[in-house]
Amino acid sequence: MSTTPPVLFAFWFDLVGFVIAAVILGFLCLCLNPQTRLPAPPLAKLPPIDPFSAQQITRTFVAALPNLTRELNLEVATTRQVEFFERTDQRSLLGISLGTNVARVRLPVTYRYHLRLADPWRLEVEGSHLIIHAPLLRASLPPAIHTDEMDVHTERGWCRSTPEDLLRELHRDVTPLISQWASNEQHLGMVRETARLQVA
């Protein structure tokens, strides 16, 4: 009958104790290390946004406005035109012509057009289409005059004084005239389709 030597029992006892101590020491190092982080939980998924909800339509519409003034006007079209102005003054004495004074001004003008956001806007959803009923198209006043490109010409009658007064009167009338022209049907017709595409 054989028996295990006591030396072998002592060896296995020491080996098992060493392994247990190593496992405990490794676990403590892992827990006490400040750089050790558990994986973060996955982020919760947000619910999908309905693109045709009233709130979403408003957000998208306001965020897509290309140009707003301080008065909350939406600029939708511009046009540059060369305008021509002329004023003449003809005088005679006892049936004899004293000549004609002439003042002419040729200058480029930029007309700008806008819609007022404060005016009523009506939005309608029909199926997958959004129909926008925009407010009235308005001219931004006064129009921009390019004085650096202005061309001035005067003519003096043979028995007349210089036409400087006539030219001053013409300059004074330019701004009221182009402000009136900006809102006429001819100028509005030139930009109406551009304004419609810009709103779309």
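Listed conditions (1) at pLDDT 85 or above; (2) over 19 Å from Leu141 (Cβ atoms); (3) small (Gly, Ala, Ser) are all met by Ala77, apart from (2). Among the residues of the stretch 108-127, those identified as farther than 30 Å from Ser179 by Cβ and surrounded by 12 or more Cβ atoms within 10 Å (Cβ to Cβ) are Leu123, Val125. Residues in the stretch 153-178 that are farther than 11 Å from Val102 by Cα and of a type outside the set (Lys, Arg): Trp158, Cys159, Ser161, Glu169, His171, Asp173, Val174, Thr175, Pro176, Leu177, Ile178. As for the stretch 126-133, it holds at least one residue that is part of a strand (DSSP E or B) and under 19 Å from Thr194 (Cβ atoms). In the stretch 179-200, the qualifying residues are those that are assigned to a helix (DSSP H, G or I) and of a type in the set (A, V, I, L, M, F, W, C), and the one that is nearest to Thr100 (Cα to Cα) is Trp181. Among the residues of the stretch 141-178, those that are open to solvent by 60 Å² or more (accessible area, probe 1.4 Å), assigned to a strand (DSSP E or B) and touching a strand residue (DSSP E or B) at 6+ places or on another chain (Cβ under 7 Å) comprise Asp151, Val152, His153, Glu155. Is the stretch 192-199 home to any residue that is surrounded by fewer than 16 Cβ atoms within 10 Å (Cβ to Cβ), more than 16 Å from Leu74 (Cα to Cα) and of a type outside the set (Val, Ile, Thr)? Within the stretch 192-199, not a single residue is surrounded by fewer than 16 Cβ atoms within 10 Å (Cβ to Cβ), more than 16 Å from Leu74 (Cα to Cα) and of a type outside the set (Val, Ile, Thr).
The values are calculated or read from the model by the stated rules, or taken from the named source; none is laboratory data. As the structure is a computational prediction, the values presented were derived from the model and not from experiment. Neighbour counts are summed over all protein chains in view; Cβ atoms, including those assigned to glycine, are modelled from backbone coordinates with ideal geometry. Side chains are part of the model used for accessible areas, which takes the heavy atoms of the whole protein and leaves out ligands, DNA and RNA. Shrake-Rupley method; radii C 1.70, N 1.55, O 1.52, S 1.80 Å.
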